[in-house]
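Colleague: Quick one: the structure is below, and I'll ask about it shortly.
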Amino acid sequence: MDKYLVIGEIVKPQGVRGEVKLRPITCDAGRFDDLTLAYLKRAEEYIPVRIAACRRAQDAVFIAFEGVADRNAAETLRGELLYIDREHAVKLDEDSNFLCDLIGLRGVDDEGNDWGTLRDVLQPGGNDVYVFEGPRGETLVPALKSVVKSVDLDRGEMVLAAARMREVAVFDED
């Protein structure tokens, strides 16, 4: 498991005093309200950045980082991803996982059929959709409790209900 989680992408400078506009990549935008420390990735190293101020709008978060005092400095951050360490991540309930932890899981059903490896999670609104790549090609699986019987991160496995998979799985016809 990665030690750091992506929580947003810096999309552009905001104003002339070094503030940036961030597109949240999290289900809980309230997580930015008390955020004082985050990380930027440089090569393979995570560099801590202190947050001087933060405010939320409907579809964005505006952040002022300590040491970023003008628009030119803010411009150098355009396109960067903002991370937090797991210690400061939002606490999840027992039946929830971070999407990044699901990527790479092996999908098997309760009859022993192999559905391949989870390659992506689509979020079209409503239910998430798991994208498995395996012996049947690309398979789209709705993230429903009636379909996903269990997730075992330690074993790297997601167990699916075979009977429901016959009803709901969508196969790529290519």
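Colleague: Ignoring trypsin sites (Lys or Arg not before Pro) that are buried or in helix or strand per DSSP, and keeping those with at most 14 other beta carbon atoms within 10 Å, what is the longest stretch of the chain between them?
Modeller: The reported range is 18-77.
Colleague: Turning to a different aspect of this structure: If one computes the Cα centroid of region 1-50 and of region 93-113, what distance in Å separates the two points?
Modeller: Between the Cα centre of region 1-50 and that of region 93-113, the gap is 27 Å.
Colleague: Bin by bin, in steps of 5 Å, what percent of the Cα pairs in region 47-169 do you find, going until the bin that has the longest distance?
Modeller: With a bin width of 5 Å, the distribution comes to 2, 9, 16, 18, 13, 9, 9, 10, 7, 5, 2, 0.
Colleague: Hey, what do the phi angles of region 97-102 turn into as Karplus ³J(HN,Hα) couplings, whole Hz, using 6.51/-1.76/1.60 and θ = phi - 60°, x for Gly and Pro?
Modeller: Along region 97-102, the couplings run 9, 6, 4, 4, 6, 7 Hz.
Colleague: With every protein chain left in place, what is the accessible area per residue of the chain in square angstrom, probe 1.4 Å? Numbers along the way, then the final one.
Modeller: On the way: 10360 Å² over 174 residues.
On a per-residue basis, the chain sits at 60 Å².
Colleague: In whole percent, how big is the carbon plus sulfur part of the accessible area of region 44-95, probe 1.4 Å, protein atoms only? Don't jump to the answer; show the numbers that get you there.
Modeller: Working: 1610 of 3560 Å².
Taking all protein chains in place, region 44-95 shows 45 percent carbon and sulfur surface.
Colleague: What nm value, rounded to one decimal, do you get for the distance between Asp114 and Ser146 when each label is placed 7 Å out toward the C-beta?
Modeller: The two pseudo-label positions are separated by 3.0 nm.
Colleague: Read phi for every residue in region 43-48 and hand back ³J(HN,Hα) as whole Hz from Karplus 6.51 cos²θ - 1.76 cosθ + 1.60, θ = phi - 60°, with x for Gly and Pro.
Modeller: Whole-Hz 3J(HN,Hα) from phi for region 43-48: 6, 10, 10, 9, 9, x.
Colleague: On to the next question. What FRET efficiency comes out for the pair Glu94/Glu45, r = Cβ-Cβ distance, R0 = 30 Å, nearest 0.05? Present the calculation step by step, with values, prior to reporting the outcome.
Modeller: Values: r = 33 Å, r/R0 = 1.11.
According to the calculation, E is roughly 0.35.
Colleague: May I pose another question? Using Cα positions and a limit of under 28 Å, work out the lysines in reach of Lys21, with same-chain residues fewer than 8 apart set aside.
Modeller: Lys3, Lys12, Lys41, Lys91
Colleague: Oh, and also: By per-residue mean of other Cβ atoms within 10 Å, what is the highest-first order of 124-132, 7-15? Mind showing how you got there, number by number?
Modeller: Values: 124-132: 14.7, 7-15: 18.9.
By packing density, highest mean first, the sequence is 7-15, 124-132.
Colleague: Expressed as a rounded percentage, what relative contact order does region 20-174 have, with Cα pairs under 8 Å and six or more residues apart?
Modeller: 15 percent
Colleague: Moving on. To the nearest 20 debye, what is the magnitude of the charge dipole of the chain about its Cα centre, counting +1 on the Cβ of each Lys and Arg and -1 on the Cβ of each Asp and Glu?
Modeller: Details: 23 positive and 34 negative charges, 171 e Å.
The dipole of the chain has a size of about 820 debye.
Colleague: Less than 12 Å Cβ to Cβ from Arg86, Lys/Arg counted +1 and Asp/Glu -1: what total charge do the surrounding residues give?
Modeller: Numbers: positive: Lys3, Lys91; negative: Asp2, Asp85, Glu87, Asp101.
Result for the local shell: -2.
Colleague: Now a separate question. From Cα coordinates alone, what are the radius of gyration and Dmax values for region 1-105 in angstrom?
Modeller: Values for region 1-105 (Cα only, Rg and Dmax): 13.9, 44 Å.
Colleague: Something else now. What full-extension length gain, to one decimal in nm, is calculated for Arg17 and Glu133 as 0.36 nm per residue of separation minus the Cα-Cα distance?
Modeller: Additional length available on full extension: 37.1 nm.
The values are calculated or read from the model by the stated rules, or taken from the named source; none is laboratory data. Nothing here was measured: the structure is a model prediction, and the numbers come from that model. Note that we place each Cβ from the backbone using ideal geometry, even for glycine, and neighbour counts take in every protein chain shown. Remember, those area values only see protein heavy atoms, side chains included, never the ligands or the DNA or RNA. Shrake-Rupley method; radii C 1.70, N 1.55, O 1.52, S 1.80 Å.
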